[in-house]
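Any read-out appearing in this document is the output of simple, stated calculations on the displayed coordinates, not a laboratory observation. Please read all numbers here as calculations on a predicted model, not as lab measurements. Backbone-built Cβ (ideal geometry, glycine too); neighbour counts: all protein chains shown.
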């Protein structure tokens with residue numbers, strides 16, 4: 001089995017079209033170090049994940065500043081409230097500098113935040129301790145050092 005970067009699940013090279021079946025597989029998915037497995041009471045089967053097993057397709061923001069709470073929904077209807085227990089993470093590509101944003105969903109599993117949601121996050125961004133980022137659940141998540149922002153954005 002394989003999960004592509006766009007969140008599509010495949011079995012033997014064929015996309016799994018039934019969302020209910022994908023959700024069932026997702027419910028038994030775990031991550032150990034950088035490896036993914038489907039685990040049942042009787043077996044543990046490896047699965048290839050190109051990037052993250054889920055896609056965060058939308059979020060809701062409530063409150064402002066340190067009191068802001070960001071609640072994400074994934075392509076498989078998981079809900080994750082970003083904060084100290086379910087952090088946001090931003091990884092920049094070494095060549096292009098483009099960020100890949102993630103939110104932890106459960107059991108050390110992350111969702112790649114889709115582009116439209118990432119742009120909305122940037123709109124909520126503030127400067128704090130030398131970083132440009134967002135607050136959620138009382139925690140600050142830095143997206144980029146403030147001094148690396150283009151002058152017209154600062």
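Structure data summary
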{"item": "Over the chain, relative contact order from alpha-carbon pairs under 8 Å, at least 6 apart, %", "result": "18 percent"}
{"item": "Segments 42-54, 65-77, 7-19 sorted - mean Cβ within 10 Å per residue, highest first", "result": "65-77, 42-54, 7-19"}
{"item": "Share antiparallel - DSSP beta bridges, segment 46-154, percent rounded to 5", "result": "90 percent"}
{"item": "Cα shape, segment 1-81, gyration tensor, a/c 1.5 rule", "result": "prolate"}
{"item": "Cα centroid separation - segment 7-35 against segment 100-154, whole Å", "result": "27 Å"}
{"item": "Estimated D of segment 23-69 in µm² per second, where Rh is the Kirkwood radius over Cα pairs and Stokes-Einstein applies at 10 °C, 1.306 mPa s", "result": "120 µm²/s"}
{"item": "Potential lengthening between residue 42 and residue 79 on full extension [0.36 nm per residue; Cα-Cα distance subtracted]", "result": "10.5 nm"}
{"item": "Burial ordering of 114, 85, fewest other beta-carbon atoms within 10 Å first", "result": "85, 114"}
{"item": "Acute angle (nearest 10 degrees) that the helix 115-124 long axis makes with the longest principal axis of the chain, alpha-carbon atoms", "result": "30 degrees"}
{"item": "Residue 64 versus residue 128: modelled label distance in nm, points set 7 Å from Cα along the beta carbon direction", "result": "1.5 nm"}
{"item": "Extension reserve of the residue 32-residue 100 stretch, reckoned as 0.36 nm per residue once the Cα distance is removed", "result": "22.4 nm"}
{"item": "Segment 43-104: C-alpha gyration tensor shape, a/c 1.5 cut-off, then a/b vs b/c", "result": "oblate"}
{"item": "Average Cα contact separation per residue, segment 2-63, under 8 Å, 6 or more apart, as relative contact order %", "result": "36 percent"}
{"item": "Three principal axis lengths of segment 37-154 [C-alpha, angstrom, descending]", "result": "55, 35, 23"}
{"item": "CD proxy at 222 nm, helix term only [per DSSP H run n ≥ 4: -39500 (n - 2.57); per residue of the chain; nearest 500]", "result": "-3500 deg cm²/dmol"}
